[in-house]
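Notes for the one structure printed next.
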Amino acid sequence: MCLIQATFGQDKSDKKIDNVLPVRGLAIAAPSARGLDVFLQFIEKDLAPAHFNLLILRVDWNYAYESHPELRDSNPLSKGDVQKIVATCKKHSIKVAPQINLLGHQSWAKTTHNLLRVYPEFDETPHIKTEDYTSWPNPYGLYCKSYCPLHPGVHKVVFELVDEIMDVFEAEYFHAGMDEVFYIGDAKCPRCGGRDKAELFAGEVSKIRNHLALKNRKLMIWGDRLLDGKTTGLGEWEASMNNTHRAIDMIPKDVFICDWHYERADLSCVYFAMKGFTVATCPWRNPEIAALQLKNMVDFRQQSARAVKSNLHGIIQTVWSGADGFLRTYNDSETYKATGNQGGDARCLKRMIEEFMKLNE
């Protein structure tokens, strides 16, 4: 806990906001090579002046990996492209945490993503075919594929990718995703079948955390699989209905939890903090809910005992569309004002910027 707190240096800055809200983040997909210049301008002109200090970038396969070139997307970011992002963020004291979705989210709808497409032997549920996906729910319980955490070859590949991306981003934090894991411990898996799902999930979190710790690096994950969907009433998306929630008492306490809730300002960040985890709350597309989540975090930090306060770190705005498309909406003053879901994430980010500026007054 202390290592993570010191990393963001709230005692080394003269900004008022650093003491009120140590972490002010944005989680977004990495831009395309074509959209890189617009993305760099966004960091310079929007994030930096608003006192953002953390950028979680979903890289996944959008990088020209040298360790596993077979896993690259067709037109990925180059090492030079990444260095431009790193340099711009360093200039403004913004930490970058690259993300590769591990364990879950290895497919989307009918598309199998690169890891399982190239290495189908890593698939937890090879008997379920992504091309059979219709919509949710479906007879196969298919939302996103997972890799098998007990496959003897998966971590050699995965950790080579993690090490490479961490080196090129010169990063201290790695975000492993690990949200919405519906396939784990499948009964037909010859390695996982019949095993405790909480132990499987905790084992994978710990394995990734321990690998990162070898180089004094830290792990971030989404927090939904550590919440009990039945007891809390949060259900299968924002929490677990397959008993992985018990893993919260099995994983190292220095894992940084990104606690996402999008439709209500649920207060589970306090639960994580009281369990001993560093946590940030994460909104998406509802500006009013996001503002309430921010207020709650500030209030909790002011009113909590020192031990809990030290674990409540701030807020991380999320964007779940591609970076290029999002920035077209964000930079179009008419589009982002549109009603409904269209432009909601852009409006939400702009609200966060307004609130951050107020906190630093």
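The values are calculated or read from the model by the stated rules, or taken from the named source; none is laboratory data. Here the structure is a predicted model, which is why all the values come from computation and not from measurement. All Cβ positions, even for glycine, are placed from backbone atoms using ideal geometry, and neighbour counts span all protein chains on display.
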Check: Does region 186-200 include one or more residues that are in contact with a strand residue (DSSP E or B) (Cβ under 7 Å, 6 or more places away or on another chain) and either in a loop (DSSP other than H, G, I, E, B) or of a type outside the set (Ser, Thr, Tyr) (or both)?
Finding: no
Item checked: All positions within region 201-233 that are out of contact with any helix residue (DSSP H, G or I) (no Cβ under 8 Å at 6 or more places or on another chain), aliphatic (A, V, I, L, M) and surrounded by 16 or more Cβ atoms within 10 Å (Cβ to Cβ) -> Met220
Next item on the list: Please identify the pairs in which a residue from region 142-162 that is surrounded by fewer than 19 Cβ atoms within 10 Å (Cβ to Cβ) has its Cβ atom under 6 Å from the Cβ atom of a residue that is in a loop (DSSP other than H, G, I, E, B) and modelled with pLDDT of 95 or more, counting only partners at least 6 apart or on another chain.
Entry: Leu150/Arg191; Leu150/Cys192; Glu160/Ser67
Next item on the list: Taking the residues in region 118-160 that are under 19 Å from Cys192 (Cα atoms) and at pLDDT below 95 as candidates, determine which candidate is farthest from the chain's Cα centre (by Cα).
Entry: Tyr140
Notebook entry, point to check: How about region 260-304: which of its residues are in contact with a Lys or Arg (Cβ under 7 Å, 6 or more places away or on another chain) and assigned to a helix (DSSP H, G or I)?
Noted result: Pro287, Ile289, Ala290, Ala291, Arg301
Item checked: Among (1) farther than 30 Å from Cys192 by Cβ; (2) not in a loop (DSSP other than H, G, I, E, B), the one test that Asn101 misses -> (1)
Note to self: Can you tell me which of (1) assigned to a helix (DSSP H, G or I); (2) modelled with pLDDT of 95 or more; (3) within 21 Å of the chain's Cα centre (by Cα); (4) not aromatic (Phe, Trp, Tyr) is the one Gly25 doesn't meet?
What the structure shows: (1)
Check: With respect to the numbered conditions (1) under 28 Å from Asn360 (Cα atoms); (2) surrounded by fewer than 16 Cβ atoms within 10 Å (Cβ to Cβ), which one is the sole condition not fulfilled by Leu55?
Finding: (2)
Check: What is the residue count in region 137-185 for residues that are part of a loop (DSSP other than H, G, I, E, B) and of a type in the set (Asp, Glu)?
Finding: 4
Checklist line | Residue list for region 104-136, restricted to those being in contact (Cβ under 8 Å) with a residue 24 or more places away in the chain, part of a helix (DSSP H, G or I) and either over 18 Å from Gly177 (Cβ atoms) or out of contact with any Lys or Arg (no Cβ under 7 Å at 6 or more places or on another chain) (or both) | finding: Asn114, Leu115, Val118, Glu121, Phe122
Notebook entry, point to check: Which numbered condition trips up Leu115, out of (1) aliphatic (A, V, I, L, M); (2) surrounded by fewer than 21 Cβ atoms within 10 Å (Cβ to Cβ); (3) within 30 Å of Asp37 (Cα to Cα)?
Noted result: (2)
